[in-house]
6 protein chains.
Amino acid sequence: MLITRREEFSASHACLNPALAPEENRALYGEDSNPNGHGHNYVVEVSIEGDPDPVSGMVFDLKRLKAVLHRQVIEPFDHRFLNREVAPFDRVVPTTENIAREIWRRLEPELAAEKARLHRVRLYETEDLYVDCFE
Amino acid sequence: MLITRREEFSASHACLNPALAPEENRALYGEDSNPNGHGHNYVVEVSIEGDPDPVSGMVFDLKRLKAVLHRQVIEPFDHRFLNREVAPFDRVVPTTENIAREIWRRLEPELAAEKARLHRVRLYETEDLYVDCFE
Amino acid sequence: MLITRREEFSASHACLNPALAPEENRALYGEDSNPNGHGHNYVVEVSIEGDPDPVSGMVFDLKRLKAVLHRQVIEPFDHRFLNREVAPFDRVVPTTENIAREIWRRLEPELAAEKARLHRVRLYETEDLYVDCFE
Amino acid sequence: MLITRREEFSASHACLNPALAPEENRALYGEDSNPNGHGHNYVVEVSIEGDPDPVSGMVFDLKRLKAVLHRQVIEPFDHRFLNREVAPFDRVVPTTENIAREIWRRLEPELAAEKARLHRVRLYETEDLYVDCFE
Amino acid sequence: MLITRREEFSASHACLNPALAPEENRALYGEDSNPNGHGHNYVVEVSIEGDPDPVSGMVFDLKRLKAVLHRQVIEPFDHRFLNREVAPFDRVVPTTENIAREIWRRLEPELAAEKARLHRVRLYETEDLYVDCFE
Amino acid sequence: MLITRREEFSASHACLNPALAPEENRALYGEDSNPNGHGHNYVVEVSIEGDPDPVSGMVFDLKRLKAVLHRQVIEPFDHRFLNREVAPFDRVVPTTENIAREIWRRLEPELAAEKARLHRVRLYETEDLYVDCFE
């Protein structure tokens, strides 16, 4: 069984690889490479896998999931320009793929420490584009 | 191939384990444990797995799926206080997880009798919280 | 200019007029009259009318709007059985119309005291049914 | 990792198997069998599986995915009566299942030629009915 | 106070004025002028204006509104090719504007006969295009 | 009658009045005042008022509305940091209110020149916050 919780954060990003020349970034990312950044209302869905506890009827305490998600993701990412203010996006291009993977890396060890198995991180950049990360 | 049909029902629930003391229920479920209940517009998605029939082009007749879903779930659950009016929620805490599992138990045998393989029951309590049940 | 903020709360209600006989309530409200109640994820939209302040560029400080809305509506209504726990719904039938009007009555004086003109309260019972209240 | 892009198209269809008698089509498909057709705002989601490229941070260039999707699906299907104007729906009943499978068949070879692994085609006929196709 | 109810229907239309030459229709309506038609999941919202009844707490009985809406609009329009099967669209171009106005004309007298004041008909052709009709 | 068209753009903004001290901006706008900016998927709805033309059945040609909206708003605003790249937001704080009013100012004269009466600009910053501008 999977239980999934959704949260939103608003952030800016620029798709720019600092190892590439400006014209290479422009060719690769188009208008996403504007160095001033542009922004999205990102939606993140976190899925935990497990069986409902026989006493509580819950796979995992949602209050604890919310606390981990806020501490590791929403608070550091929300209202930030990711490339300038959130590691490792000073050196890792904050594509939707890389942001989703970073969210996985921030959540998985904390959830494992609480005996929760993280199954999937889904990240919507817009309603029309999303990424699923399983590791 | 999977085909999925979505339906809604409105119901009340209280997250209360009758085997626990009130303060234990309060610690476990917070405001969800209010014994008067509170409610949701639940959304249920039922997914059937199979290959499209070569004549009809359909995995399963959606009119029959709708009939089973209404008889087994929508009619008994809609406009009810689950803890008081729908078995087994007089003794099983109606968390989203347990409601989803009960929906699976009500649908699977009827669908199997009609040669349809139930793949997943997804239940949204709100837009921000859902459960996937695969057995 | 209007600025509108949306919030959600989950509550139970029963459409029952205590002055009517059970069969009259049944005739009037159908399955909504189940005295055990059923529930919804209500969505409330509050619209303030005004001109943007020349310094702040804001019609009204959204932090203050949120504070009033939470204190007057979300906290008392959320996770409650309205008929039993929230006045005046012990004697006023909590139809969508009457809940919207009660929200207006709770918000308007507090907002007026903060020099904000309340223009509209919109209340969604489901995605398919909503009420607009202007006084 | 999966990356998914969503697009819409508006089309008409009639669920009619030309090999069946009118009354058989009526029994099988109900009002969907009206030979004049009726229509939907179809939503298609295309998911590509892979690892983000270490330089670009992308699983697949979304500009190329969009180009393939438009050339193979959106342009030929949008604003068409599928049964009369889009092969093979002159002889294959355009159920949601068969349309999704045809979209897979049109996309998979082109994407494979660009070294992209197609994982899933999801097709919504309405918000309440969708199909997932994996081959 | 306004109460609004939402319903959906699926229909085909072609934007073609029979009084114009094909190239004029093409210039005016673009791909919408394909005579085979294309389709949409139309969403209609019907708003009734009034005060809540002091006994029922309702502006208008929603069961009666639903009955009128189904008899006058959903049943005749759903799963139809409007130009060929629904008057007056054999001679009136079924643009979103004209469909909305026709819905008003079908609903207003029946609702007036039931003492309900129709305030607005809103018709969505897609999520990105809608029309509001007030007479 | 009103016809409304919806479009999206992604942009960054910072709520900062250059005439105020940093601590005043912080007190006024909270985390919105981060000078690096943060972003949103803005949704803009443009409503035109009029009667359907007797020949075309249209209030206004949607292809022309789309052209004006793209040239005046979507192209200059999309993928930009509004404070740094789009006048007058170098000196006018880009609150939702001020962005909506600027959209009105950019659209109204062009639409008037095409004989279209602009009725309303609605701007969503998120699903939970929007502004309506009527002049």
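Things worth noting here:
- Residue within segment D:121-132 that is of a type in the set (Lys, Arg) and without any contact (Cβ under 8 Å) to a residue 60 or more places away in the chain present: no
- Condition check for B:Val43: touching a strand residue (DSSP E or B) at 6+ places or on another chain (Cβ under 8 Å), in a strand (DSSP E or B) and either within 13 Å of chain C (Cβ to nearest Cβ) or at pLDDT 95 or above (or both): yes
- Summed over segment B:76-116, residues that are more than 10 Å from every other protein chain (Cβ to nearest Cβ), open to solvent by 30 Å² or more (accessible area, probe 1.4 Å) and either more than 19 Å from B:Glu135 (Cβ to Cβ) or polar (S, T, N, Q) (or both) total 4.
- Residues in segment E:121-135 that are in contact with an Asp or Glu (Cβ under 9 Å, 6 or more places away or on another chain), modelled with pLDDT of 95 or more and open to solvent by 30 Å² or more (accessible area, probe 1.4 Å): E:Tyr124, E:Thr126, E:Glu127, E:Asp128.
- Residue check for F:Arg117: in contact with an Asp or Glu (Cβ under 8 Å, 6 or more places away or on another chain) and at pLDDT 95 or above: yes
- Only a single criterion out of (1) more than 13 Å from chain D (Cβ to nearest Cβ); (2) in a loop (DSSP other than H, G, I, E, B); (3) in contact with an Asp or Glu (Cβ under 7 Å, 6 or more places away or on another chain) is not satisfied by E:Asn36, namely (1).
- Every test in (1) under 14 Å from F:Ala100 (Cα atoms); (2) without any contact (Cβ under 8 Å) to a residue 40 or more places away in the chain is passed by F:Glu45 save one, and that test is (2).
- Failed item in (1) within 15 Å of the chain's Cα centre (by Cα); (2) among the hydrophobic types (A, V, I, L, M, F, W, C); (3) under 30 Å from F:Arg26 (Cβ atoms), with C:Ala113 passing the rest: (1)
- Residue in segment C:19-31 that is under 18 Å from the mean Cα position of the chain (by Cα) and among the acidic types (Asp, Glu) present: no
- In segment B:48-68, the residue that is nearest to B:Trp104 (Cα to Cα) out of those that are more than 9 Å from chain D (Cβ to nearest Cβ) and open to solvent by 80 Å² or more (accessible area, probe 1.4 Å) is B:Lys66.
- Scanning segment F:117-135 for residues that are farther than 18 Å from F:Leu2 by Cα and either more than 8 Å from chain C (Cβ to nearest Cβ) or under 9 Å from the mean Cα position of the chain (by Cα) (or both) turns up F:Tyr124, F:Glu125, F:Thr126.
- Scanning segment F:94-121 for residues that are touching a helix residue (DSSP H, G or I) at 6+ places or on another chain (Cβ under 8 Å) and under 29 Å from A:Pro35 (Cα atoms) yields F:Pro94, F:Ile99, F:Ile103, F:Arg106, F:Leu107.
- Scope segment F:71-119; condition closer than 21 Å to F:Gly50 by Cβ and in contact (Cβ under 8 Å) with a residue 40 or more places away in the chain; matching residues: F:Val73, F:Ile103, F:Leu107, F:Glu110, F:Leu111, F:Glu114, F:Ala116, F:Arg117, F:Leu118, F:His119
- The residue of segment D:11-28 that is nearest to the other protein chains (Cβ to nearest Cβ), among those that are open to solvent by less than 10 Å² (accessible area, probe 1.4 Å) and not in a strand (DSSP E or B), is D:Cys15.
- A:Ser10 falls short on exactly one of the conditions (1) closer than 30 Å to B:Asn98 by Cβ; (2) in contact (Cβ under 8 Å) with a residue 40 or more places away in the chain; (3) polar (S, T, N, Q), and that condition is (1).
- When C:Glu8, C:Glu31 are checked against the criterion of being charged (D, E, K, R), within 14 Å of chain B (Cβ to nearest Cβ) and touching a helix residue (DSSP H, G or I) at 6+ places or on another chain (Cβ under 9 Å), C:Glu8 stands alone in meeting it.
The values are calculated or read from the model by the stated rules, or taken from the named source; none is laboratory data. For clarity, every value in this text was computed on a predicted model and none was experimentally measured. When we count neighbours, we look across all protein chains shown, and the Cβ atoms used for this are built from the backbone with ideal geometry, even at glycine. Keep in mind that these areas ignore ligands, DNA and RNA; they rest on the heavy atoms of the full protein, side chains included. Shrake-Rupley method; radii C 1.70, N 1.55, O 1.52, S 1.80 Å.
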